[in-house]
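K.L.:
Below: one structure in structure tokens.
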Amino acid sequence: MGIMQILHMNKGEGESSYAKNSTVQKQIITVASSILEKSVLDSVHKTHPKSMGIADLGCSSGPNTLTVISKIINTIYAASYQMPELRISLNDLPENDFNSVFISLPDFYSNLKKEKGIGVDECFIFGVAGSFYGRLFPKNSLHFVHSSSSLHWLSQVPPALDKNSGKHLNKGKIYISKTSPDCVLKAYLYQFQKDFFDFMRSRADEMVAGGGMLLSFMGRSSSDASAEVGCHQWELLAQALMSMVPEGLVQEEEIDSLNAPYYAPSPEEVRNIIQEEGSFLINHLEAFEISWEGGNACDKHDYDDLEKLSRGQQVAKTIRAVVEPMLVSHFGREIMDELFTRFGNLVDVYFSNTKAKHINLVISVTRKD
Amino acid sequence: MDIEKVFHMKGGLGDTSYSKNSSLQKRAADKVKHITIETMEEMFLATRPKSLGIADLGCSSGPNTLSNIKQLVDAVENASRSIAQPPPEFRVYLNDLPTNDFNTIFQALPDLYRELKKGKNHGGPPIYIAGYPGTFYGRLFPDDCLHFIYSSNSLHWLSRVPPGVSNINKKSIYISERSPAQVSQAYLKQFQEDFSLFLKSRSQELVGGGRMVLILLGRSGPSHVDRGNSFFWEILYQSLATLGEIEEEKLDSYDVHFYAPSKEELEDEVRKEGSFKVEKVEMFEMEKDAGNYPSYGMAVAKTVRSIQESMIAHHFGEAILDKVFDIYGRLVDQELAKDDIKSITTLLVLTKLL
């Protein structure tokens, strides 16, 4: 199965859905709020659009999707004497659950009308299914682009590491690790460089001069790609999988042949590609620390308090919502509950002696003339 | 009850889905394909846009949706070749209500893109396809954004059941011989409101010289009580009544948000709205083909189920669905054995005046 078919978040609104388990991604959006606002305002002031093309790339589904769009619309509304017409495209891969986003649109539109007097003939929201590692929109049609928690997903597993490559270069691991040979790090870096370049080049064609782009995705601060911050959630997931091998629940070969289509770049690696592509000016590049638990640990119990899930189990839910479709296609559905229970336990142990953090990179750029 | 939140064709790819049960609709569209393609070519040659906007209003979900796109794109590419010009960029908007199963369409897109690029220089012209949820009874798109609008088997669906009808139309679910006179008046009024709003909205979205090809169910004479499309609703009513499991009050209060206009009713609204010229209006009857089904009745039953399931389930619950459509299929066959039932389809081609 190609990436296009398996890389999607858990659908619907159930217990293990992305919709119910995307608080970390929500926190990431919140933390970048003021940079987003500035980036949107800059693009309005530089391009003075009468009709403004806006795109959210990797929109997924769930409450965060329309929250981001709201933030963008609110910023434009507050800054504009006369609102431009808004053409908003929500993009994700074809397997994304667009239906659940669309079903919330009628209420979204009526709130817009009620709160800001913005009518259906002034704000148009479309769904665009396809990979952002290529052209999605007509030339010069976009004034503002947003992408959050998406660009750490590569277009494919690096070919040398793909399960069909016949070689198992990254034994016992599913991402870059301290035990990974150099060729694994090189393969991942190369794939990221190619993908991110394609992303920037495509956006360069689609954006007008002066247009703004706000990108937010997982990264790392160390120059060493195998440093703990940036890899450790995959490390623990691999450990959980490996622990199931002696019991015959999982074959070691299955783990050896799986590598995540993911990369957490350093700020330098990002900057290099942007400069190489050449069409964008970097306004801001910042690395934020985000706890593995998203916002405050205490505001998480909005569903089953009686269950009293441990912190590790709660984190396991958020990771599960994201990686389950990919793991199911590789290992089958039967082992998922057990896998994530074990993963949650490993996270609890990790929490007991570390303040577990992700690094999230936020980059604001402007399309040059 | 908000139609926008309940009404949709049955999604997915399963046995009772619209995807698997829309061959009747496909045949209707195929019958006039040559006119659709001709209209597209004429429009292109008249307007010669660099960036061509196409909208399918009421695109639903299933193989018909995407095969339409390919035909339209091919038509324009041929036309542009005939004048030795490069083809335009295509912006394709697939519109339906927010409850439509867009996921199934999107999942089929990678294959469509591959097919569109096959064998063409540099992969052919750029084609951007977007899904656009919303009701076409009102504005959907920015001004002057479209050159060609296609709508097949959608405009006979009203924005709502005409107000008051569910209280007075007791022993019917549409206009029947038992309906009081006010019922058909109410339905006509709702159609007029809806269709005129449709035209007004499209008028601002279409460029001058742009074309619309509209295909919808209709009726040939002034009376609704005939053995045409309204008769299929009569049979559905009889199927529900025969079940014996439904409370009388529930059945009395169920009515469909449907209207089969006559040629005159369509042309009247176009004339009143004033932005469009009627290029063509044709009515035709589809041949009765059972396809892969044991009988035509069963073919119709499966088709109607995939269309009506959301509304019937919402009003009566899901449990009765299998039985109702079983009875329905048999009643259709019984009626056909007695006398013909003619389902009329109308084709309307309009040009936006400059």
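K.L.:
Which one of A:Gly230, A:Met218, A:Ala287 is farthest out on the positive end of the charge dipole of the stretch A:198-291, using unit charges on Cβ (Lys, Arg +1; Asp, Glu -1) and the Cα centre as origin?
P.N.:
A:Ala287
K.L.:
Once amide H atoms are built 1.01 Å from N in the peptide plane, which residues 5 or more positions from B:Phe258, or in another chain, come under 5 Å H to H?
P.N.:
B:Leu158
K.L.:
Taking chain B as the reference, fit the longest principal axis to its C-alpha atoms, fit the long axis of helix B:229-243 to the helix C-alpha atoms, and give the angle between the two in degrees, 0 to 90, nearest 10.
P.N.:
40 degrees
K.L.:
While we're on this one: For the stretch A:149-211 and the stretch B:162-184, compute the distance between their C-alpha centroids and round to whole Å.
P.N.:
Cα centres, the stretch A:149-211 to the stretch B:162-184: 63 Å.
K.L.:
Placing +1 at every Lys and Arg Cβ and -1 at every Asp and Glu Cβ, with all other atoms neutral, what dipole size does the protein assembly as shown have around its Cα centre, in debye to the nearest 20? List each step's numbers first, then the result.
P.N.:
Values: 76 positive and 93 negative charges, 331 e Å.
The dipole of the protein assembly as shown has a size of about 1580 debye.
K.L.:
Run the helix sum for chain A: -39,500 (n - 2.57) per DSSP H stretch of 4+ residues, divided by residue count, reported at 222 nm to the nearest 500 deg cm²/dmol.
P.N.:
The helix-only estimate for chain A comes to -13500 deg cm²/dmol at 222 nm.
K.L.:
Past 30 Å, Cα to Cα: identify those pairs from B:Lys50/B:Lys263; B:Lys33/B:Lys288; B:Lys263/B:Lys288, in the order given.
P.N.:
Going by Cα-Cα distance, B:Lys50/B:Lys263 fall outside the 30 Å limit.
K.L.:
Which ³J(HN,Hα) values, rounded to whole Hz and listed in residue order, are derived for the stretch A:44-54 from phi using the Karplus coefficients 6.51, -1.76 and 1.60 in 6.51 cos²θ - 1.76 cosθ + 1.60 with θ = phi - 60°, glycine and proline given as x?
P.N.:
5, 5, 7, 10, 6, x, 8, 10, 9, x, 10
K.L.:
Longer than 25 Å from Cα to Cα, which of B:Lys20/B:Lys342; B:Lys10/B:Lys120; B:Lys171/B:Lys342; A:Lys113/B:Lys70; A:Lys194/A:Lys355 are they? Say none if no pair is.
P.N.:
From the list (B:Lys20/B:Lys342; B:Lys10/B:Lys120; B:Lys171/B:Lys342; A:Lys113/B:Lys70; A:Lys194/A:Lys355), the Cα-Cα distance tops 25 Å for B:Lys10/B:Lys120; A:Lys113/B:Lys70; A:Lys194/A:Lys355.
K.L.:
Now a separate question. Towards the positive end of the charge dipole of the protein assembly as shown, with charges on Cβ (+1 Lys, Arg; -1 Asp, Glu), say which of A:Val184, B:Met40, B:Tyr137 has the farthest Cα.
P.N.:
Positive-end residue among those listed: B:Met40.
K.L.:
If you build a Gaussian network model of chain B, linking Cα atoms that sit under 10 Å apart, which residue out of B:Ala84, B:Ala313, B:Ala301 swings the most?
P.N.:
B:Ala84
K.L.:
Hey, what's chain A come to in accessible area per residue, 1.4 Å probe, Å²?
P.N.:
Ligands and nucleic acids excluded, the result is 41 Å² per residue.
K.L.:
For A:Lys178, what accessible area in Å² do you get when you roll a 1.4 Å probe over the heavy atoms of the protein chains, rounding to the nearest 10?
P.N.:
140 Å²
K.L.:
If you place +1 on the Cβ of every Lys and Arg, -1 on the Cβ of every Asp and Glu, and leave all else neutral, what size is the dipole of the stretch B:3-352 about its Cα centre, to the nearest 20 Debye?
P.N.:
900 debye
K.L.:
Select from the stretch B:107-133 all residues whose loss of accessible area on going from the chain by itself to the full protein assembly reaches 50 Å² or more (probe 1.4 Å).
P.N.:
B:Gln107, B:Tyr128, B:Tyr132, B:Pro133
K.L.:
Using helices alone, I'd like the mean residue ellipticity at 222 nm for chain B: each DSSP H run of four-plus residues gives -39500 (n - 2.57), total over residue count, nearest 500.
P.N.:
Result for chain B, helices only: -14500 deg cm²/dmol.
K.L.:
On a 0 to 90° scale, report how tilted helix A:232-243 is relative to the longest principal axis of chain A, with both axes built from alpha carbons and the result rounded to the nearest 10.
P.N.:
30 degrees
K.L.:
Using a 1.4 Å probe, what is the accessible area per residue for the stretch B:220-300, in Å²? Intermediate results must be reported in sequence, preceding the final value.
P.N.:
Values: 3840 Å² over 81 residues.
In whole numbers, the stretch B:220-300 has 47 Å² accessible per residue.
K.L.:
Remind me, relative contact order of the stretch B:1-77 in percent, using alpha carbon pairs under 8 angstrom and six or more residues apart?
P.N.:
Here the relative contact order equals 37 percent.
K.L.:
Moving on. List the accessible area buried at the contact between A and B, summed over both sides and calculated with a 1.4 Å probe, in Å² to the nearest 100.
P.N.:
Approximately 2100 Å², summed over both chains.
K.L.:
How much accessible area per residue does the stretch B:39-94 have, in Å², with a 1.4 Å probe?
P.N.:
It amounts to 35 Å² per residue over the stretch B:39-94.
K.L.:
Compute the acute angle (0 to 90°) between the alpha-carbon long axis of helix B:63-82 and the principal axis of greatest extent of the alpha-carbon atoms of chain B; round to the nearest 10°.
P.N.:
Approximately 30 degrees, to the nearest 10.
K.L.:
Dipole of chain A, Cα-centred, from +1 at each Lys and Arg C-beta and -1 at each Asp and Glu C-beta, to the nearest 20 debye?
P.N.:
In debye, rounded to 20, chain A gives about 860.
K.L.:
Specify the residue with the greatest mean-square fluctuation among A:Cys183, A:Cys231, A:Cys123, computed from a Gaussian network of chain A linking alpha-carbon atoms under 10 Å apart.
P.N.:
Highest fluctuation of the listed residues: A:Cys183.
K.L.:
Which of the aspartates and glutamates could be linked to A:Lys163 by a straight reach, that is with a Cα gap under 16 Å, when you skip same-chain ones fewer than 8 residues away?
P.N.:
A:Lys163 reaches A:Glu252, A:Glu253, A:Glu254, A:Asp256.
K.L.:
Please report the carbon-and-sulfur percent of the accessible area for the stretch A:3-367; probe 1.4 Å, protein heavy atoms only, DNA, RNA and ligands left out.
P.N.:
51 percent
K.L.:
Using protein chains only and a probe of 1.4 angstrom, how many square angstrom of A:Lys46 are accessible, to the nearest 10?
P.N.:
The accessible area comes out at roughly 110 Å².
K.L.:
Counting Lys and Arg as +1 and Asp and Glu as -1, what is the net charge of the other residues whose Cβ lies under 12 Å from the Cβ of A:His8?
P.N.:
-3
K.L.:
Hey, another quick one. Could you let me know the centre-to-centre spacing of the stretch B:28-70 and the stretch A:239-300, using Cα atoms, in angstrom?
P.N.:
Between the Cα centres of the stretch B:28-70 and the stretch A:239-300 lies a distance of 44 Å.
K.L.:
Then there's this: Connecting C-alpha atoms closer than 10 Å in a GNM of chain B, tell me which of B:Pro125, B:Pro133, B:Pro162 has the biggest fluctuation.
P.N.:
Among B:Pro125, B:Pro133, B:Pro162, the largest mean-square fluctuation in the Gaussian network model of chain B belongs to B:Pro125.
K.L.:
Within the stretch B:142-197, what whole-number % of the accessible surface is contributed by carbon and sulfur, with the 1.4 Å probe and all protein chains included in the calculation?
P.N.:
Roughly 50 percent, rounded to a whole number.
K.L.:
Let me ask something additional. Could you tell me the accessible area of A:Val24 in Å² (1.4 Å probe, neighbours in place), rounded to the nearest ten?
P.N.:
Rounded to the nearest 10, the figure is 10 Å².
K.L.:
A further question follows. I'd like to know which of B:Gly317, B:Tyr113, B:Val165 lies farthest towards the positive end of the charge dipole of the stretch B:3-352, counting +1 on Cβ of Lys and Arg and -1 on Cβ of Asp and Glu.
P.N.:
Checking the options against the dipole of the stretch B:3-352, the answer is B:Tyr113.
The values are calculated or read from the model by the stated rules, or taken from the named source; none is laboratory data. This one's a predicted model, so the numbers in the text were calculated from it and none came from an experiment. No Cβ is skipped: glycine too gets one built from the backbone with ideal geometry, and neighbour counts run over all protein chains shown. Just the protein is used for accessible areas: all its heavy atoms, side chains included, with ligands, DNA and RNA removed. Shrake-Rupley method; radii C 1.70, N 1.55, O 1.52, S 1.80 Å.
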